[in-house]
Amino acid sequence: MEQPSSWRELLKSIISDPAERERIANEIGVRSITLTRWITGESTPRPHNLRQLLHALPKQHRDLLSSLLGEEHIDLTDTVASEPPDEIDYQFVRQVFEARATTSSNLLFWTLCRKVVLHALRRLDPERIGMAITVVQCMPASSEGKVRSLRERMGLGTPPWEGDLEHKAIFLGAESLAGYAVAKCRQGVVNELRESTAFLPAYQVEYEVSALAHPLLYANRVAGCLLLSSTEPNYFLSSARLSLIADYAQLIALAFTPEQFVPVEQIELQLMPTVERQRELFATFQQRIIVVMKEALNTNRLITRIEAEQLVWQQLEEELIHISTLAR
Amino acid sequence: METYDPAKTKNWYILGDSSTEGVHLIEQDVNFNTSMGGLLPEQSQEPLSLISHVLDVACGPGGWALELGQAHAHMQVTGIDISANMIEYANAQARASGLDNVSFKVGNITEPLDFSDASFDLVNARHIEEVIPVTAFPPLFQELFRITRRGGIIRITGSEWGVTNSFAYETLMRQLLRASRIAGLDFSADGRNIGIAPWLRRFLRDVGCVNIQERPSFLDFSAGALQQSGGYRDLTLAFELMQPFLVGVGVVAPQEFEELKQRLSVEMLEDSFRGIVYTLTAWGQKP
């Protein structure tokens, strides 16, 4: 083989072997398409990616890559000091307080949750290895005064998850990690969902390898939890990461009104049907919203989309609990 | 309630610069990146590797600049915007990502820009028709030309605000266009559209750009389309946020506006809903 003239050419020749491409991608924690993008120049690796790449290559390629990078004057050192690893930038915290103080009530939940989750995704998955963050909320209490299920209210992710996860939202119950965190008011972590050794209730969803749920608390009451999923095993072992997540959960809790927090004695989660069964029922969601909103229009009542959705979610919860009870 | 007063604030942005708008713009950036086919879909890979200094004009919360800096570590990307709130938010996002090649600063693009001549290889401006008056375009393009290096690219993207089969959408849009006309933000002859698209090439030509090219795209937010839910959220939020502008300029009463918003929510959810926003990108080189 001719001597490659650039590091991209060298990488191209190395990963022309699919097995080697897969191995290197796994070793440095990127998807194999990312390696292809580096070759074509569609994207450029950051200094620490290049350092990881150097370590992942066999010795003979490592020296050549190192010398080609040197010839192209590519610096492998990170130049700017990053934030302390276990703290949220205070300027951002101040922005969240400011948003809470100045946003109208009908937009507050959406604004704060998206602002915080966007920041958390950038901070917790800066290399976009793959993470989803979902805000899970307790459904309103039943006529007996008990919270019977949780609902994924909003979510965002980095690939392989689609950016906006709202349309994938489901109900969660006692069978879920989120259910555990809410019922116990305690953080729950499963470091390897592919193994069935977890003591905690949890089931694996698409792409998810490790997961964490952190309760959203106020005045010793709970409103739901922050649920994080990663494509990596053991992603939530790091104490710095756990500390950051606890802080993000505190910020997310600011998006809820005091009455949305309930005493833990009121949490009596039921088992919810499978994702597939839930989605069958959700196919009727849009039509139900239209019916509720048209009824309001025809009787000259103003109803917001959020209010209409809440009514329909409550209908769906009732039906899902009924299905679940019949199945037992 | 906030009021719309660009004479006082020097900020013509019709949706304000609240925290909600910051998050809304990040989401809108994602929608447009998808519909336009990427961050710089019209530029081939080879020129991209030659671009090292990029300016994003009226960058808002920095969605486009952050994504560009993340994808191309060799580029130094700067964003400017008149809103200190947006710039603070953009810088917070950059720090959270650990991006040391993206930075943001406050700047008013209706005044001379605080950059030396020939500072940038690429200058990008998306949807500035929503943030500066028509009269500010010619002097802004002179400035963009000045700060672009020889051989560098000036790139501008503008959108017409959509065609739908929703009565509420079309009514609200008519009110928005009337209000924009009163505020000096539309290019059209009769106020029936924004009218920015035909002007993009002309702005580039008038300042002396060569090799001018154009690329159209569209955002389909019809029922069943890929961008239905993103488009739905974008528009319902945009209408929520533009209430101070529309009511302030006096084109609609608050009660009528509320009723139209509710009707819009229903109509956009119907299976029969159809809606498309047209976008045009034009770019030219400084000789």
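Nothing in this text is a laboratory measurement; each read-out follows from the coordinates by a stated rule. None of the values given here were measured: they were computed from a predicted structure. Cβ atoms come from the backbone with ideal geometry, glycine included; neighbour counts cover every protein chain shown.
Remarks
- Averaged over the residues of A:91-99, the number of partner chain Cβ atoms lying within 10 Å of the residue Cβ comes to 4.
- Relative pair counts by distance (%), Cα atoms of chain A, 20 Å bins: 27, 49, 21, 3
- Cα principal axis extents for segment B:37-144, largest first, Å: 35, 30, 29
- Listed residue (A:LEU242, A:PRO159, A:PHE285) projecting farthest to the positive dipole end of chain A, Cβ model: A:PHE285
- Counting only aspartates and glutamates at least 8 places from B:LYS286 when in the same chain, those with an alpha carbon closer than 20 Å to its own are B:GLU42, B:GLU46, B:ASP56, B:ASP114, B:ASP117, B:ASP121, B:GLU143, B:ASP206, B:GLU214.
- With the helix formula -39500 (n - 2.57) applied to DSSP H stretches of n ≥ 4, the protein assembly as shown reaches a computed 222 nm mean residue ellipticity of -14000 deg cm²/dmol.
- Positive minus negative residues near B:THR78 (Lys, Arg vs Asp, Glu; Cβ under 12 Å): -3
- Antiparallel beta bridges, as assigned by DSSP with both residues in chain B, represent about 50 percent of the total such bridges.
- Computed over the protein assembly as shown, the percent of Cα pairs more than 39 Å apart is 34.
- Cα-based convex hull, segment A:90-266, per residue volume (Å³, whole number): 116
- For chain A, the relative contact order comes to 14 percent (Cα pairs under 8 Å, sequence separation of at least 6).
- Percent RCO, i.e. relative contact order, over chain B, from Cα pairs under 8 Å lying at least 6 residues apart: 22
- Furthest towards positive pole of dipole, A:LEU216, A:LEU193, A:SER176, structure part segment A:93-236, Cβ charges: A:LEU216
- Mean projection area, nm², convex hull over Cα of segment A:7-71: 3.8
- Residues whose amide H comes within less than 5 Å of that of A:LEU172, counting only those at least five positions distant or on another chain, are A:LEU150, A:ARG151, A:GLU152 (H built at 1.01 Å from N in the peptide plane).
- Within a straight-line Cα-Cα reach of under 22 Å, A:LYS12 can be paired with the following lysines, leaving aside sequence neighbours fewer than 8 residues apart in one chain: A:LYS59.
- Rounded to whole Å, sorted largest first: equivalent-ellipsoid semi-axes of segment A:192-302, Cα gyration tensor: 32, 22, 14
- The long axis of helix A:18-28 is offset from the longest Cα principal axis of chain A by roughly 70 degrees.
- Distance (nanometres) between label positions extended 7 Å along Cα→Cβ at A:ALA283 and A:LYS59: 6.1
- Of the DSSP H helices in chain B, those that are both long (alpha-carbon extent of 24 Å or more along the helix axis) and hydrophobic (Kyte-Doolittle mean at least -0.5) are B:19-36.
- Of all DSSP beta bridges in the protein assembly as shown, antiparallel share, percent nearest 5: 70
- Counting, for every residue in A:300-312, the Cβ atoms of other protein chains within 10 Å of its Cβ and taking the mean gives 2.
- Note on the protein assembly as shown: with charges restricted to the Cβ of Lys and Arg (+1) and Asp and Glu (-1), its dipole about the Cα centre is near 240 debye.
- Mean Cβ count within 10 Å, highest first, over the residues of peptides B:70-77, A:90-97, B:51-58: B:51-58, B:70-77, A:90-97
- Here the peptides B:120-131, B:215-226, B:197-208 are ranked by packing, the mean other Cβ count within 10 Å, and the order with the highest first is B:120-131, B:197-208, B:215-226.
- In terms of Cα atoms, the Rg and Dmax of segment B:6-285 work out to 18.4, 55 Å.
- Per the Debye calculation on segment A:275-327 with a single equal scatterer at every Cα and no solvent contribution, log₁₀ I(q)/I(0) for q = 0.16, 0.19, 0.26 Å⁻¹ amounts to -0.51, -0.66, -0.97.
- This ranking places A:TYR180, B:TYR89 by how few other beta-carbon atoms lie within 10 Å of each, fewest first, which gives A:TYR180, B:TYR89.
- Per DSSP, loop GluC sites (Glu not before Pro) in segment A:1-69 with at most 10 further Cβ within 10 Å: A:GLU2
- Listed residue pairs exceeding 20 Å between alpha carbons, taken from A:LYS146/A:LYS294; A:LYS146/A:LYS184; A:LYS294/B:LYS261: A:LYS146/A:LYS294
- Inter-chain Cβ neighbour average for residues B:68-77, partner chain, 10 Å: 3
- Dipole axis of chain B (+1 Lys, Arg; -1 Asp, Glu on Cβ), positive-most option in B:GLN213, B:LEU55, B:PHE167: B:GLN213
- Computing FRET efficiency as 1/(1 + (r/R0)^6) for B:ALA84 and A:LEU326, where r is the C-beta to C-beta distance and R0 is 41 Å, gives about 0.10.
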